[in-house]
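Report on one structure; see the data block that follows.
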């Protein structure tokens, strides 16, 4: 799909007409160039109340020689937001059929640049399908859709700038979805690493370093090694550095990248195990965010660390009862091998301290308990800094990706450090508060500034995306599968700091 901005009054192809609730006739500034027959049809539909323009509603009118129109509902003008425009754009794109053709003109009524751009963003985000493994006839291949946003001459430059920005961010979201949706026989640690390596070649300001299995063993990455050693597809750590020569502290993003999770020796039930290909959603979010930052020309320094492994049962797999030592030097009693994401993250978080972070954020499809607590509506958000947690929450609100503050209580930390034989344990003492105890475990591996034993802990946040990275049916920006959640949130956070 190609979106352009134009100050022309011409209508190319199907007209898309976003309308506020309660409108009973076409707004005067939207009438220009509209054939009389189509104008009459639209006014009749509006006057009769057949289209009420409620939020996310659409209606198609096919007028023969008079043209085609898609009416798009925005809700009441008194409380409409940029989020409503974004959702309307997504709803419109979802409603497009072959009969509408491939050329479209969007004409707004008193919308404003930010709202018009959000509408385009919604269309771009929804313009996604994962069909790499489906056979296609040549006749079924659709031509690229051409979307033209009309506006006044004084709005054109600003609107074009915003649309280009959203185009770059959307590429990051779509990359995250691609990575998550890819089947696990074709998406495993080495493939992810190779993709990152090849991707970095397209950008002069990005470097990628790969720490392979043997190097991970030598470095003492016991968490990463313990999770991935049972698979024939060995684990690795992939490190992205953007604008590495820029001086000063920088954001460091850390992602859980379990390309498939059987649970290991603590084997999962078979039902829905196919969904465990999404268990690398944290690393997909990190990679997608780096793509979004690169596409939009971010000039600041950013580091991202992805911890890649496949969790498989095997003769040499880690067992419940094993004690491992991670990169931090702390020991971990492994009570359940299906609590594996926190093990790979323990090494990634400790590694993050080497890059003098301004802050560290980790992303992980970590716990079913988070889904029980928040459903598919919100990501769980923990932090060792209340102000920083609020900052992330507000960044999510700004782009309509909800991250809900969760408690990081001393009692949870005590629970995760009371192993009788090790420094920490990878499982809480009972079934309650599982998402909170997981966050408390991760906090034990956030380094102090400059690794000073008595120093202040680096500002850190943990985002549990188990309920939001896939299966979020209320997320209107995606039809199904991986959502690419929080690429937009973190892009907003980093670029607006």
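Which is modelled with pLDDT of 95 or more, within 23 Å of residue 252 (Cβ to Cβ) and surrounded by fewer than 18 Cβ atoms within 10 Å (Cβ to Cβ), of 411, 398, 352, 403? Steps first, please.
Numbers: 411 fails: within 23 Å of residue 252 (Cβ to Cβ); 352 fails: surrounded by fewer than 18 Cβ atoms within 10 Å (Cβ to Cβ); 403 fails: surrounded by fewer than 18 Cβ atoms within 10 Å (Cβ to Cβ).
Residue meeting the stated conditions: 398.
Among the residues of the range 457-497, what is the count of those that are assigned to a loop (DSSP other than H, G, I, E, B) and under 16 Å from residue 129 (Cα atoms)?
Residues of the range 457-497 assigned to a loop (DSSP other than H, G, I, E, B): 458-459, 465-469, 471-481, 483-486, 496-497.
Still in the list and also under 16 Å from residue 129 (Cα atoms): 469, 471-473, 475-481, 483-485.
The total comes to 14.
Results for (1) at pLDDT 95 or above; (2) outside the structural domain of residue 298 (by TED's automatic domain parsing), shown as yes or no for each residue.
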position	(1), (2)
144	no, yes
159	yes, yes
175	yes, no
183	yes, no
186	yes, no
189	yes, no
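If you go through the range 51-65 one residue at a time, do you hit one that is under 27 Å from residue 154 (Cβ atoms) and under 28 Å from the mean Cα position of the chain (by Cα)?
no
Just to verify a result, which residue in the range 379-394, among those that are surrounded by fewer than 22 Cβ atoms within 10 Å (Cβ to Cβ) and in contact (Cβ under 8 Å) with a residue 24 or more places away in the chain, is farthest from residue 448 (Cα to Cα)? Step through it out loud before you land on a result.
Of the range 379-394, the ones surrounded by fewer than 22 Cβ atoms within 10 Å (Cβ to Cβ) are 384-391, 393-394.
Still in the list and also in contact (Cβ under 8 Å) with a residue 24 or more places away in the chain: 384-385, 388-389, 391.
Values: 384: 12, 385: 13, 388: 17, 389: 18, 391: 21 Å.
Checked the range 379-394; the qualifying residue farthest from residue 448 (Cα to Cα) is 391.
Based on this model, can you work out whether residue 253 counts as touching a residue at least 40 places away in the same chain (Cβ under 8 Å) and assigned to a loop (DSSP other than H, G, I, E, B)? Before the answer, list the steps.
Working: touching a residue at least 40 places away in the same chain (Cβ under 8 Å): yes; assigned to a loop (DSSP other than H, G, I, E, B): no.
Answer is no for this residue.
Would it be correct to say that residue 77 is surrounded by 14 or more Cβ atoms within 10 Å (Cβ to Cβ), in contact with a strand residue (DSSP E or B) (Cβ under 9 Å, 6 or more places away or on another chain) and assigned by TED's automatic domain parsing to the domain that holds residue 121?
Details: surrounded by 14 or more Cβ atoms within 10 Å (Cβ to Cβ): yes; in contact with a strand residue (DSSP E or B) (Cβ under 9 Å, 6 or more places away or on another chain): no; assigned by TED's automatic domain parsing to the domain that holds residue 121: yes.
No.
Scan the range 119-138 for residues that are without any contact (Cβ under 8 Å) to a residue 12 or more places away in the chain and in a helix (DSSP H, G or I) and report the count. Steps first, answer last, please.
Just the residues of the range 119-138 that are without any contact (Cβ under 8 Å) to a residue 12 or more places away in the chain, to begin with: 131, 134-138.
Applying the additional criterion that residues be in a helix (DSSP H, G or I) yields 138.
Within the range 119-138, residues that are without any contact (Cβ under 8 Å) to a residue 12 or more places away in the chain and in a helix (DSSP H, G or I) number 1.
Restricting attention to the range 94-112, does a residue exist that is surrounded by 20 or more Cβ atoms within 10 Å (Cβ to Cβ), farther than 16 Å from residue 147 by Cα and at pLDDT 95 or above?
Taking every residue of the range 94-112 in turn, none turns out to be surrounded by 20 or more Cβ atoms within 10 Å (Cβ to Cβ), farther than 16 Å from residue 147 by Cα and at pLDDT 95 or above.
Any chance you could count how many residues in the range 8-20 are surrounded by 14 or more Cβ atoms within 10 Å (Cβ to Cβ) and out of contact with any strand residue (DSSP E or B) (no Cβ under 7 Å at 6 or more places or on another chain)?
1
Among the residues of the range 445-454, are any at pLDDT 95 or above, surrounded by 19 or more Cβ atoms within 10 Å (Cβ to Cβ) and farther than 24 Å from residue 401 by Cβ?
Taking every residue of the range 445-454 in turn, at least one turns out to be at pLDDT 95 or above, surrounded by 19 or more Cβ atoms within 10 Å (Cβ to Cβ) and farther than 24 Å from residue 401 by Cβ.
Which residue pairs have Cβ atoms closer than 9 Å, lie 6 or more positions apart in sequence or on different chains, and pair a first residue in the range 350-366 that is touching a residue at least 40 places away in the same chain (Cβ under 8 Å) and on the phi > 0 side of the Ramachandran plot with a second residue that is surrounded by fewer than 21 Cβ atoms within 10 Å (Cβ to Cβ) and assigned to a helix (DSSP H, G or I)?
356/449; 356/450
Test of understanding: among 112, 73, 49, which residue is within 26 Å of residue 24 (Cβ to Cβ) and touching a helix residue (DSSP H, G or I) at 6+ places or on another chain (Cβ under 8 Å)? Talk me through it step by step, then tell me what you get.
Numbers: 112 fails: touching a helix residue (DSSP H, G or I) at 6+ places or on another chain (Cβ under 8 Å); 49 fails: touching a helix residue (DSSP H, G or I) at 6+ places or on another chain (Cβ under 8 Å).
Just a single option satisfies the conditions, and that option is 73.
For the range 1-118, list the strands (runs of 3 or more DSSP E) that sit wholly inside it and hold at least 1 residues that are within 23 Å of residue 165 (Cα to Cα); which are they?
Values: elements: 2-6, 14-19, 58-62, 68-73, 103-107.
In the range 1-118, 2-6, 14-19, 103-107 are the strands (runs of 3 or more DSSP E) which contain 1 or more residues that are within 23 Å of residue 165 (Cα to Cα).
If the requirement is being more than 30 Å from residue 246 (Cβ to Cβ) and either outside the structural domain of residue 252 (by TED's automatic domain parsing) or at pLDDT 95 or above (or both), which of these qualifies: 390, 379, 417?
Being more than 30 Å from residue 246 (Cβ to Cβ) and either outside the structural domain of residue 252 (by TED's automatic domain parsing) or at pLDDT 95 or above (or both) holds for just one of 390, 379, 417, which is 417.
Would you point out the residue of the range 139-160, among those that are under 30 Å from residue 182 (Cβ atoms) and free of Cβ contacts under 8 Å to residues at least 60 places away in the same chain, that is surrounded by the fewest Cβ atoms within 10 Å (Cβ to Cβ)?
Step one: list which residues in the range 139-160 are under 30 Å from residue 182 (Cβ atoms), which gives 139-147.
From the residues that got through so far, the ones that are free of Cβ contacts under 8 Å to residues at least 60 places away in the same chain too are 139-143.
Numbers: 139: 5, 140: 8, 141: 7, 142: 8, 143: 8.
Here the answer is 139.
Just to be sure before I move on: is residue 427 assigned to a loop (DSSP other than H, G, I, E, B) and touching a helix residue (DSSP H, G or I) at 6+ places or on another chain (Cβ under 9 Å) in the structure I sent? Please lay out each step first, then the result.
Details: assigned to a loop (DSSP other than H, G, I, E, B): yes; touching a helix residue (DSSP H, G or I) at 6+ places or on another chain (Cβ under 9 Å): yes.
Spelling it out, residue 427 is indeed assigned to a loop (DSSP other than H, G, I, E, B) and touching a helix residue (DSSP H, G or I) at 6+ places or on another chain (Cβ under 9 Å).
The values are calculated or read from the model by the stated rules, or taken from the named source; none is laboratory data. The shown structure was predicted, so the numbers you read here are calculated from the model rather than taken from an experiment. Neighbour counts are summed over all protein chains in view; Cβ atoms, including those assigned to glycine, are modelled from backbone coordinates with ideal geometry.
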